[in-house]
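For reference, the structure discussed in these notes is given below.
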Amino acid sequence: MPQSLETFFFGPGQGEITAVRFDFGAPLPAIAGVILVIAVGALAGYYAWRRLGGMNRAPRISASVLRAGALALVVFLLLDPMLVGDRLAAGRDYVALLFDDSRSMQIAEQGGRSRGDVMTGRLEASDRGFERALRRRFQVASYRFGSEAERIKGPDELRFNRPRTDIPGAIRQTVQDLSGISIAAVVLFSDGIQQSPDPPASLDDVISLGVPVYSIGVGAGSAWRDLELGELAVSRTKFDRSPLVVTAPIAASGLDGREAVVDLRRAGSTLMTRRFAITGESEEHEVRFEHVPEEKGWLEFEVTARLAGSGEPESPAVPRAALSPTGSEKVTHNNTRRFIIDNRQRKYRVLYFCGRPNWENKFVRRALAEDEEIELTSLIRISKAERKFVYRGKRSNIANPLFDGFNPDRDQPRYDEAVFLRFGPQGADLDDGYPLRAEDLFGFDLIIWGEIEHDFFSQRHLELTRDFVARRGGAFLLLGGPDSFTKGGYARSTIESMMPVLLIPPSEGAAPDSEGTYNLEFAARPTIDGALSGAWTLDRDPDRDLSLWDDLPDLLGINRLPYTRAGAAVLARADSPELGAEGAPLFAWQRYGSGRCAVLATGSTWRWQMSLPGEDNRHERLWRQIVRSLVVDVPEPITVRDIADVYTTDEEIEFDLAVRDALFIDREGLQTVVAARAPSGLEHALPVEESIQEAGIYGVRYRPDEPGAHVLSISASDASGEAIASAESAVLVEDDRREFRRARADMGFLRQIAEATGGKLIALDKINEIPDLISREDHVSTEQIRRHLWNLPIFFIALVLMLSAEWFIRRMKGFA
């Protein structure tokens with residue numbers, strides 16, 4: 001029976017009506033008697049019709065037929081006619097309707113209509129027949145979802161404004177919400193775009209639920225045209241005048257014959273532009289920008305991708321004839337990416353402690369003097385301490401022999417004290433030589449030792465240097481020389497464990513020539529790790545870089561270091577026939593505690609400067625890059641932890657502050673103040689909560705409400721108000737466009753979910769097939785439905801019409 005007639009006779013309700021049939025409510029003898037009366041009446045009418053004649057025959061017959069029909073109808077209704085059907089009662093099994101309510105459903109598809117409009121329009125076009133057909137067999141629960149599922153009454157509550165989609169998570173949450181209830185299936189309406197953190201693992205979770213998922217694909221009916229800018233790779237090595245390098249991956253679909261334009265922008269101005277031709281139906285390109293920013297501070301940049309317009313000048317590389325004038329993008333929200341860089345003016349403090357005056361210190365100082373951000377202090381020992389006092393008669397005194405002949409009344413170092421010269425800015429207490437206090441040493445970012453033997457240092461010196469690296473997070477560089485490494489007595493010393501190389505003294509089994517003769521000629525060659533780090537790169541072009549290294553003259557003097565520690569990285573090797581086919585490590589580093597320790601197995605790089613023309617800056621550039629690579633990651637007393645590159649507006653940011661004092665000791669109970677300055681200039685005081693699980697950790701929460709760079713000013717003070725430390729950081733906030741990344745409808749993912757769970761992927765225009773596909777596991781019960789027909793208005797209307805017509809005929813013809 002058609003659905004409209006079924007509703008008319010039996011009324012609305014859940015359950016399907018089957019086996020519809022006609023029946024009477026009167027007993028069988030009454031029905032037989034009525035049939036007999038009707039037969040006798042028919043014979044009597046036929047006999048009267050045969051006896052009539054003339055002109056009055058037809059009207060009399062008509063009047064008799066109308067009266068007999070009225071009488072027959074009354075008798076028919078007295079027999080209680082009815083329609084009887086068997087209604088299949090809706091079972092206890094549930095079907096969950098899961099509707100995608102995310103922003104990707106706003107993407108225009110067929111005829112300019114959004115995916116959400118197409119979906120709801122299809123449901124309305126069927127006059128909810130799909131849902132009613134389900135309700136006849138199952139209990140139905142409707143949900144909408146983004147990152148979480150939410151129960152709704154129906155599709156009318158969909159808004160398509162959820163910022164993130166997690167399809168597997170929404171299915172899992174829906175099933176959990178109906179826990180304890182038999183679930184026949186989940187019907188998923190979605191475009192397949194989702195940002196679950198781990199799709200394979202999430203899909204395994206869905207499979208484990210044991211519920212079939214029927215996926216209704218939305219948004220797959222039209223050709224896809226889109227130019228999408230992928231996640232940017234931004235590198236800023238902070239080496240010698242190095243540029244900001246931005247690599248932008250771009251995916252083009254359905255734009256064959258068009259030209260793409262990619263811009264690097266800053267503060268509304270275009271800094272650089274790249275163009276390329278799109279020559280395939282679906283292809284990927286990679287665009288690279290190199291820019292040296294002149295401004296200081298936190299700098300925000302923007303990369304945009306677009307299709308070249310007809311009014312733009314023709315690109316020489318892409319003839320206009322090769323471009324298609326038609327076709328536009330489906331989505332433009334995925335054409336922009338932003339990032340920020342830290343280009344603040346900083347001072348990196350370096351202490352170069354040298355065992356004797358040498359050329360290496362001189363030329364390193366000259367190289368670093370050209371870098372405004374590196375502040376080098378050189379402490380050079382010009383006279384060693386004497387082991388014993390030498391009596392010289394009347395000329396004897398306790399002053400260091402270096403001052404023999406000078407005025408003895410002046411304050412002079414003792415014979416058992418070394419004499420130092422200091423070059424560079426004042427500040428730390430270095431008058432007595434290498435620092436013995438943490439407050440003097442921890443103010444530096446990098447410590448360099450050159451040509452200084454182990455026996456010069458006290459145990460306090462060595463332990464403080466180790467703490468400088470492990471606790472303070474500083475960088476340490478040990479240079480080679482005749483009195484360095486094993487030859488300098490550093491094997492099995494306090495600081496040997498933090499070096500990236502193993503130092504084994506001959507007494508413990510090392511070969512007598514394990515470091516060999518120091519005066520050995522060799523060529524320096526960077527390794528792959530060295531080239532990738534940028535510290536040992538002389539030119540960004542690989543071929544040009546190799547040529548520059550080949551042209552460098554050989555160096556003289558190297559400490560052979562045959563063993564490196566596990567986890568250490570060798571950035572450069574020494575190449576010489578005496579060193580074998582693989583050579584020997586020249587520069588290596590490794591992490592130690594919070595800092596980094598590096599070794600350079602020679603102290604003769606000054607020979608490059610002496611051998612090269614004056615205008616050649618390879619030696620200066622290399623040293624600036626080495627120093628920069630070591631100091632760039634040295635932490636400040638306050639560091640920001642667990643902070644992402646980009647956040648979205650109205651998303652709560654949670655991050656931690658590790659607060660330490662000048663001695664880099666974790667401090668508790670401090671008054672920590674964090675202020676956020678928004679792009680508009682408004683400042684917000686952020687709540688700070690001290691951690692009770694970890695010393696020196698303070699948690700911060702922030703919910704930005706405008707896009708752009710938000711600068712965080714952080715300060716900490718003790719109970720007396722004395723400042724302990726301060727820092728500055730920044731976060732980039734942008735409008736939430738995650739739903740428009742990879743915006744093409746993903747029917748493959750929907751099919752994968754459906755097939756993995758025992759369901760099926762179904763086109764949106766075939767949703768009426770779903771009720772027949774879902775199997776019922778519970779017992780099907782039926783209910784007999786009776787519809788009495790005697791009270792239908794149509795019968796009373798027919799009775800009145802027949803009696804009125806019969807009366808009218810008799811009145812007009814004058815029948816009695």
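Please treat every number below as a calculation from the coordinates, not as lab data. Computed from a predicted model, the values in this text were never measured in an experiment. Virtual Cβ from ideal backbone geometry, glycine too; neighbours counted across all protein chains shown.
Numbers below:
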| read-out | value |
| --- | --- |
| Rounded to the nearest 20 debye, dipole of the stretch 142-283 from Cβ charges on Lys, Arg, Asp, Glu | 640 debye |
| Low-density loop cleavage sites - trypsin sites (Lys or Arg not before Pro) in the stretch 122-152, where at most 10 other Cβ are within 10 Å (DSSP) | none |
| Whole-Hz ³J(HN,Hα) from phi, Karplus 6.51 cos²θ - 1.76 cosθ + 1.60, for the stretch 715-726, glycine and proline x | 9, 9, 9, 8, 5, 7, x, 6, 5, 9, 6, 8 |
| Segment A644-T279, extension gain: residue separation times 0.36 nm, minus the distance between their alpha carbons | 127.8 nm |
| Centre separation in Å (Cα based) which lies between the stretch 618-653 and the stretch 591-609 | 21 Å |
| Label zone at R236 (point 7 Å along Cα-to-Cβ), backbone N below 16 Å, the stretch 718-738 | 728-733 |
| Vicinal HN-Hα couplings computed from phi for the stretch 595-611 (Karplus, 6.51 cos²θ - 1.76 cosθ + 1.60; Hz; Gly/Pro x) | x, 9, 10, 9, 10, 10, 7, 8, x, 10, 5, 4, 5, 4, 5, 6, 8 |
| Cα gyration tensor of the stretch 140-227 - equivalent ellipsoid semi-axes, whole Å, descending | 22, 17, 13 |
| Long-range amide H partners of L586 with built H, under 5 Å | A572, R573, A574 |
| FRET efficiency for L421 and E651, using Cβ-Cβ distance with R0 set to 56 Å, rounded to 0.05 | 0.50 |
| Theoretical gain in end-to-end length, R492 to E294 [0.36 nm per residue, Cα-Cα removed] | 66.5 nm |
| Out-of-range pairs (alpha-carbon distance over 30 Å; input K330/K760; K153/K330; K347/K384) | K153/K330; K347/K384 |
| The stretch 514-586: GluC sites (Glu not before Pro) in DSSP loop, at most 15 other beta carbons within 10 Å | E582 |
| Simple spin-label estimate for E286 and S804 in nanometres, 7 Å along Cα-Cβ | 8.9 nm |
| Interchain or long-range residues, amide H under 5 Å from E734's placed H | Y647, T648, T649, G708 |
| For L520, residues with placed amide H under 5 Å, excluding near neighbours | G557, I558 |
